[in-house]
Every structure is written in C-alpha cells, then in structure tokens.
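**Student:** Let me give you the structure first, and then I'll get to my questions.
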Amino acid sequence: MTLSDKGSILAEALPYLRAFHGKTIVVRFGGQAMADQVLRAGFARDVALLRLVGVKVVVVHGGGWGIDKLMREMGLETRRYRGHRITDERTLTLVEMALSELNQDLTLLINREGGRAVGLNGQDGRFIHARPIAPPADDPDAPDLGFVGDVENIDTSLIELLLSRDFVPVVMPIGVSADNTTYHINSDRLAGQLARALQAEKLVLMTNIAGVLGRDGKLIPILKASDGDELLRDHVVRGGMEPRLAAAVSAVREGVRSVHIIDGSVPNALLLELFTAEGVGTAVRSDAPDFFADTKAYLFAPA
C-alpha cells in the first residue's frame, strides 16, 4: 500500500469520525475473534482507538466457546435449542466462571492498549434486570431452558456514569431477577436491549460468518427489518444467527439507527465497518423509505 493509498483511507474515514464523535456505539464481541488471541488483542486495540477519537463504546461479550471448553473439561454435555444453551444449575456455575475469566482478560487487553475499561456483571448494582425466557409459542415440545433469561429492563445509570468519565464498560451477559435468581442472557439480545436503552447510534454484532446469508446462500450487504422478519419466519436463518438477527431487527425498530452483523475474524473488522463506505458485513436498517437520504445527510453535513 502506497502513502497515497493510506492518505485516501484516512480521508474517507473523516466524515464518519465526525459523525460518530460523542455518540454511543454498543458492540457485541464474540465468536472466533474472542477465541483467537491475536484477533482479541486487535479488537481491544480498535476499541481503545474508538474511545480515543471520541466515540463512546460499550462492549457486551459472549464466550460460548469458553463455556463449551470448560464444560468438556468437567465432563458435561452441551445441549442447545434454537441457539440457546440449556442451562441447569451446575451449567450456570460454569457459565459464570468462564464469562468472568473472559471479561477480566478483555478488560485487561483494552487497558493495555490505552483505553480505560471496566468489567461489569449484570449483578453489579443489579443494573440488568432479568426474567426467565419465554418458551416459543410455535413449539409445544420445546425443552425447559433452565437458567436462560431475557432482559426485563436495564438501569443505565451505571453505564452512563462510566461513559461520562471516558471509561469503556465491558459487560458480561448475566442478569438477576427480582427474586435474586441469576440468569444467563443471550449476548446478542442483551447488546440489542442495551443499545436501545442507551439510545445508541449503532449496534455492532461480531460473529463467525460474513453476515446474514439469504435464500441463495449469499451475503446480504443491506437488509431491511421486514426482510429480516421473513428470513426468520421462513427459518432461512438458523442456529446462533437466529437470535442475533432477531435482536438486530428489534433494535432498529426501537430507535437504533442501524445494526451491523460482521465477521470478527476479519482484522480490524470493527473499524472497517464503521469508518468505510463498503463495510464488511450486513447492515440491518429500518423500512423507512428515506433511510439512505437521511444517512447521507447525517454523515456529510457540515461540521
């Protein structure tokens, strides 16, 4: 790459840097990028850079691979239903152990790169209020998921306080109910709910594949919420992508400007998606007909 090429890349990023300065972006970090030490360190560096250029970043992390690894070591079988881990009391203990270790590691990496990260559990100040996840209405034979929860509501005051002091909150997906029961929450779902509660500018969901694949198996660069509903209803999207796309569709319908589902195994995927016109994944947007005109005016408005 020539110096001219590098200069062009920096110039291309300028309107995005200006538009997102002071805005809140929620990033769900997980998948292979979290399991790979090099990619994990690169993600931490990208988060630190975003904070240093004035973007308010909140990280919600998964850790399924770490949980699976610990369960294998303990001789326990992993059972799933529609992308959710069936979680009994013993499994919940291992889930908390694995997520806590991953949370500490990610927080340390961001701090090493110059960020000011603070690791949080939803039980801290009870800021994530959870309830048992509702069984699917279309499957009377669905198994009991155990301690798998959904978000009832989020008290954002702790997060907002940290953001106001230039910290990066790093949140593990654990919540607590009114009767003090602990629940493991799907990290995509939690990230979507947190983005809405914070009125975030964007939600980024990092995963193991390029983005949402259509009926033809090809990547969909831009997906309207209604089209996302169809893919979910027709079960074109399955497995772990099912709750991820559902979270994305809900988020854009409740005020988040756009949700980006990207492949975390691409180096600097977060920066490429936020600061380039092409991006690296699927952008889920509302059905509003003037979405693109509004976005263009927003990005390229005079400072």
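**Student:** Filter segment 175-189 for residues that are assigned to a loop (DSSP other than H, G, I, E, B) and in contact with a helix residue (DSSP H, G or I) (Cβ under 7 Å, 6 or more places away or on another chain) and give the result. Lay out the reasoning, then the answer.
**Tutor:** Of the residues in segment 175-189, the ones assigned to a loop (DSSP other than H, G, I, E, B) are 177-181, 186.
Matches in segment 175-189: ASN186 only.
**Student:** Looking for whichever is in contact with a helix residue (DSSP H, G or I) (Cβ under 6 Å, 6 or more places away or on another chain) and buried (at least 21 other Cβ atoms within 10 Å of the Cβ) here; the options are GLY62, GLY122, GLY83. Which one fits?
**Tutor:** Numbers: GLY122 fails: in contact with a helix residue (DSSP H, G or I) (Cβ under 6 Å, 6 or more places away or on another chain); GLY83 fails: buried (at least 21 other Cβ atoms within 10 Å of the Cβ).
Every option except GLY62 fails the conditions.
**Student:** Select from segment 221-236 the residues that are aliphatic (A, V, I, L, M) and in a helix (DSSP H, G or I) and list them in ascending order.
**Tutor:** Step one: of segment 221-236, the residues aliphatic (A, V, I, L, M) are 222-223, 225, 231-232, 236.
ALA225, LEU231, LEU232, listed by residue number.
**Student:** Give the residues of segment 138-174 that are aliphatic (A, V, I, L, M) and assigned to a helix (DSSP H, G or I), sorted by residue number.
**Tutor:** Step one: list which residues in segment 138-174 are aliphatic (A, V, I, L, M), which gives 142, 145, 148, 151, 154, 158-159, 161-163, 168, 170-172, 174.
Scanning segment 138-174 gives LEU158, ILE159, LEU161, LEU162, LEU163.
**Student:** Let me ask another. Suppose the filter is small (Gly, Ala, Ser), on the phi < 0 side of the Ramachandran plot, at pLDDT below 90 and touching an Asp or Glu at 6+ places or on another chain (Cβ under 9 Å); does GLY7 pass it? Can you show your working first?
**Tutor:** Details: small (Gly, Ala, Ser): yes; on the phi < 0 side of the Ramachandran plot: yes; at pLDDT below 90: yes; touching an Asp or Glu at 6+ places or on another chain (Cβ under 9 Å): no.
No: the conditions fail for GLY7.
**Student:** Still on this model: Is one or more of the residues making up segment 165-184 within 24 Å of LEU245 (Cβ to Cβ), modelled with pLDDT of 95 or more and surrounded by fewer than 24 Cβ atoms within 10 Å (Cβ to Cβ)?
**Tutor:** Within segment 165-184 (the criterion being within 24 Å of LEU245 (Cβ to Cβ), modelled with pLDDT of 95 or more and surrounded by fewer than 24 Cβ atoms within 10 Å (Cβ to Cβ)), the answer is no, since none of the residues qualifies.
**Student:** Being free of Cβ contacts under 8 Å to residues at least 60 places away in the same chain and either touching a Ser or Thr at 6+ places or on another chain (Cβ under 7 Å) or at positive phi (or both) narrows it down to one of GLY62, GLY30, GLY54, so name that one.
**Tutor:** Only one candidate qualifies: GLY54.
**Student:** Turning to a different aspect of this structure: Within segment 137-164, can you find the residues that are surrounded by 12 or more Cβ atoms within 10 Å (Cβ to Cβ) and more than 23 Å from ALA178 (Cα to Cα)?
**Tutor:** Selection gives ALA142, PRO143, LEU162, LEU163.
**Student:** Which of (1) in contact with a Phe, Trp or Tyr (Cβ under 6 Å, 6 or more places away or on another chain); (2) over 30 Å from GLY149 (Cβ atoms) is the odd one out, the single condition ARG285 does not satisfy?
**Tutor:** (2)
**Student:** If the requirement is being closer than 12 Å to GLY192 by Cα, touching a Leu at 6+ places or on another chain (Cβ under 9 Å), polar (S, T, N, Q) and without any contact (Cβ under 8 Å) to a residue 60 or more places away in the chain, which of these qualifies: SER250, SER258? Spell out the reasoning first.
**Tutor:** Working: SER250 fails: touching a Leu at 6+ places or on another chain (Cβ under 9 Å).
Answer to the selection: SER258.
**Student:** Quick check: anything in segment 249-261 assigned to a helix (DSSP H, G or I), touching a helix residue (DSSP H, G or I) at 6+ places or on another chain (Cβ under 7 Å), at pLDDT below 90 and surrounded by fewer than 20 Cβ atoms within 10 Å (Cβ to Cβ)?
**Tutor:** Scanning segment 249-261 turns up at least one residue that is assigned to a helix (DSSP H, G or I), touching a helix residue (DSSP H, G or I) at 6+ places or on another chain (Cβ under 7 Å), at pLDDT below 90 and surrounded by fewer than 20 Cβ atoms within 10 Å (Cβ to Cβ).
**Student:** Keeping to segment 71-100, report how many residues are under 18 Å from TYR183 (Cα atoms) and not in a loop (DSSP other than H, G, I, E, B).
**Tutor:** Quick first cut of segment 71-100, residues under 18 Å from TYR183 (Cα atoms) only: 71, 78-100.
With the extra rule that they be not in a loop (DSSP other than H, G, I, E, B), the set shrinks to 71, 80-81, 84-85, 87, 89-100.
Summing the residues that are under 18 Å from TYR183 (Cα atoms) and not in a loop (DSSP other than H, G, I, E, B) in segment 71-100 gives 18.
**Student:** Look at ASP287 and say whether it is at pLDDT 80 or above, part of a loop (DSSP other than H, G, I, E, B) and of a type in the set (D, E, K, R). First the steps, then the outcome.
**Tutor:** Details: at pLDDT 80 or above: yes; part of a loop (DSSP other than H, G, I, E, B): yes; of a type in the set (D, E, K, R): yes.
Against the criterion (at pLDDT 80 or above, part of a loop (DSSP other than H, G, I, E, B) and of a type in the set (D, E, K, R)), ASP287 qualifies.
The values are calculated or read from the model by the stated rules, or taken from the named source; none is laboratory data. Worth saying up front: this structure is predicted, and the values here are computed from it rather than measured. Note: ideal-geometry Cβ built from the backbone for every residue, glycine included; neighbour counts use all protein chains shown.
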